[in-house]
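J.: Next up is a structure, given as C-alpha cells.
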Amino acid sequence: MDRTHDPLIPPETSWLTDPQAQAVCDAITSGGHAIYFVGGCVRNALLGMPDSDVDMSTDALPEQVMALATDAGLKAVPTGIDHGTVTVVSNGVPFEVTTFRRDVETDGRRAVVAFSKDIADDARRRDFTMNALYATPQGQVIDPLGGLPDLRARRLRFIEEPQARIREDYLRILRFFRFSAYFGDTSDGFDAEALDAIAQNIDGLNGLSAERIGQEMSKLLAASDPAPALAVMRQVNVLQAILPGSDDRWVGPMVHLEGALGISADWRGRLAALGGQDVAARFRLSKADARFLGTLGDVGFAGPSLGEVSYRHGRDIALQVLLMRSALAEVMPDTTVLETISSADAAQFPVKAADLIPRWEGPALGAKLAELEQIWIDADFGMSKEALLAQL
C-alpha cells in the first residue's frame, strides 16, 4: 500500500487553516484516533481549484466521535450514525465526520457497510482514484490506492475493478462523465476499461430515480465544456438510455458561442439544445426549470425576434435563444444584438388601459392593447405613446 506523504496540501487552502475544522480534528485526535480530510476537498486543493465540500474520515467509531466532540465542547448530531456519519458542529460550522467503512453488500443504489480501522478499506468504497485521497490535519497527503498519478494526469479511472464499482451504484456511470468534464483531461480520450464496463451495465441506469439522474445531468451540463463527455455518452448509448431522442451535436457550438459572446453558461439552455423526449419528467426538473425549458422549446428555434423574446420572457431566455439559433444556423451573430436584448428587457410599453377607455372596454380593450403593443414591438420599441395612439 502506497501511503504517500508528498505532496502537501497548499498551506493557503482555506479548510486547512480553518480554526473550526481544526477544532474538530483536535477533538478526535485528543482521544488517540486518526482523522483525515477526504475526497473532493483534497482533490480540488491539489488541482488548485475552488474549495469543495469539506468531509472528514476517521478510524474512531461513531459513538466515540460523538463522545470526543461533546467532551471538546462541540455539538455532535447523529445525522447518519447507522452508516458511520456524525455531523460535528464547531462554532456553528457543521462538518461531516464518517468512520472508515467497507462494503458488505450492495444492490446498485445503496450499501450495507461495516466499520473498519483500515484507511484502505475506506478508500476502496469510493468511486474514482482521484477521489480516494486523504490529508492529515497538517496537510500531508495520504494516497492508499495510488490515485495521485491519475490526479496529476487528470485521468479519471474507477478504483480497482470498474464493473464492481459501477454495480455498487449505477449512478457512477453518470458521475464518470460529469467528473471527466470537470476534472479530466480528455485530449487523449476516455479510459477504455471504464467505457467498456459502462457499456456492459447500461441497463443499471433503469433503476435510478429521475431526480438522481436529473441532478447529475444538470451538474454535467453546467461544466465549462460538457460537449466531449456528452459525445462519448452518445457513443456508448448512455445518452439515449437516459434521454431518448436527444442529440448532442449543438451543445459544442453553443459552448463556443458562449465564450465568443461573453454569455454566462446556463445548463438549461444546453439541455434545450440537447432535446429529447419528456425531458422535464425524465430529469424531474423543478417547476421553474421546466417552465424555462418549455419557453425555450416554444421560441428557441423559430418564432419572434430576439427583442420580442427578451421583452416578453426576459433577458436570460433571450440570450439562450440567441445561442440556440446561432448554433443551429452556424453563424456568429453581431454583438450589437446583445444591446438589443438588454434594451428590450428594460423596455416599458407606454400605453395604459386608461388611455383607451371608454372607447374600448372588456375583451375589446385587451385586444386593442395587444394590437398596439405588437405595433410598438415591431417598431423596435421606439414609438411614443402619442404615435401609438395616432394609430387608432
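No lab work stands behind these numbers, since they all come straight from the coordinates. These figures come from a predicted structure and were not determined experimentally. Neighbour counts run over all protein chains shown; Cβ positions are idealised from the backbone, glycine included.
J.: Of all beta bridges DSSP finds with both residues in the chain, what is the antiparallel percent, to the nearest 5?
T.: Values: 26 of 32 bridges.
Once the DSSP bridges in the chain are tallied, antiparallel ones form about 80 percent.
J.: Restricting to DSSP H runs of at least four residues, report the calculated mean residue ellipticity at 222 nm for the chain, -39500 (n - 2.57) per run over all residues, nearest 500 deg cm²/dmol.
T.: Details: 21 runs with 190 residues, N = 392.
My calculation for the chain gives -13500 deg cm²/dmol from helical runs alone.
J.: Let me ask something additional. Per 5 Å bin, what percent of the C-alpha pairs of the stretch 157-242 does each bin hold, from zero upward?
T.: 3, 15, 29, 28, 19, 5, 0
J.: What net charge do the residues around residue 290 carry, taking every other residue with its C-beta under 10 Å from that of residue 290, with Lys and Arg at +1 and Asp and Glu at -1?
T.: On the way: positive: 268, 284, 287, 291; negative: 289.
So the surrounding residues net to +3.
J.: Further question: The chain: Rg/Rh from Cα coordinates, Kirkwood Rh?
T.: A ratio of 1.11.
J.: Could I ask something else about it? Find which of 241, 89, 166 sits farthest along the positive direction of the dipole of the chain, computed with +1 on the beta-carbon of Lys and Arg, -1 on that of Asp and Glu, about the Cα centre.
T.: Toward the positive end, the furthest listed residue is 241.
J.: Another question, if that's okay. Can you sort 182, 311 so the residue with the fewest Cβ neighbours within 10 Å comes first? Could the numbers behind the result be given before it?
T.: Working: 182 18, 311 24.
In increasing order of surrounding Cβ atoms, one gets 182, 311.
J.: Take the chain, mark every one of the GluC sites (Glu not before Pro) that falls in a DSSP loop and has at most 14 other Cβ within 10 Å, then report the longest stretch left between them, sites excluded.
T.: Numbers: sites that count: 12, 160, 330, 361.
Here the longest run is 161-329.
J.: How do 255, 309 rank when sorted from fewest to most other Cβ atoms within 10 Å of their own Cβ? Show your work: numbers first, answer last.
T.: Numbers: 255 20, 309 27.
Least to most surrounded, the residues fall as 255, 309.
J.: Using a 10 angstrom cutoff on alpha carbons, build the Gaussian network for the chain and name the most mobile of 348, 277, 235.
T.: Taking springs between Cα atoms under 10 Å, the residue moving most is 348.
J.: Tally the DSSP beta bridges in the stretch 69-222 and give the antiparallel ones as a percent, rounded to 5. Can you show the working numbers first?
T.: Numbers: 18 of 19 bridges.
Looking only at bridges with both residues in the stretch 69-222, the antiparallel portion is about 95 percent.
J.: List the trypsin sites (Lys or Arg not before Pro) in the stretch 224-304 that DSSP assigns to loop (not H, G, I, E or B) and whose Cβ has at most 16 other Cβ atoms within 10 Å. Which are they?
T.: Numbers: sites: 234, 249, 268, 270, 282, 284, 287, 291; in loops: 284.
When the trypsin sites (Lys or Arg not before Pro) of the stretch 224-304 are filtered for loop state and at most 16 Cβ neighbours within 10 Å, 284 remain.
J.: When the chain is treated as a GNM, springs tying every alpha-carbon pair under 10 Å, which of 294, 382, 366 comes out with the largest mean-square fluctuation?
T.: 366
J.: Using the Cβ atoms and a cut-off under 14 Å, what net charge is assigned to the surroundings of residue 64, where Lys and Arg are +1 and Asp and Glu are -1? Could you put the intermediate results ahead of the total?
T.: Values: positive: 117; negative: 59, 63, 71.
Computed value for this residue: -2.
J.: Among 68, 369, 338, whose mean-square fluctuation peaks in a Gaussian network model of the chain (Cα, cutoff 10 Å)?
T.: Maximum among the listed residues: 369.
J.: Please state, as a whole number in µm²/s, the translational diffusion coefficient that the Stokes-Einstein equation yields for the stretch 1-153 at 20 °C and 1.002 mPa s, with Rh defined as the Kirkwood radius across alpha carbon pairs. Don't skip to the answer; put the middle values down first.
T.: On the way: Rh = 15.5 Å.
After rounding, the answer is 138 µm²/s.
J.: If you average over every viewing direction, what projected area does the convex hull of the Cα atoms of the stretch 350-389 give, in nm²? It would help to have the intermediate numbers written out before the result.
T.: On the way: hull surface 9.7 nm².
Its average projected convex-hull area is 2.4 nm².
J.: Rounded to whole Å and ordered largest first, report the semi-axes of the equivalent ellipsoid of the stretch 100-226 derived from its Cα gyration tensor (root of 5λ).
T.: Numbers: eigenvalues 104, 81, 37 Å².
For the stretch 100-226, the semi-axes come out at 23, 20, 14 Å.
J.: Under a 5 Å amide H to amide H cut-off, with H placed in plane at 1.01 Å, what residues pair with residue 72 once short-range neighbours are removed?
T.: For residue 72, whose amide H was placed from the backbone, there are no distant partners under 5 Å.
J.: Between residue 370 and residue 206, with labels modelled 7 Å along Cα→Cβ, what's the label distance in nm to one decimal, could you check?
T.: So the label points at residue 370 and residue 206 sit 4.6 nm apart.
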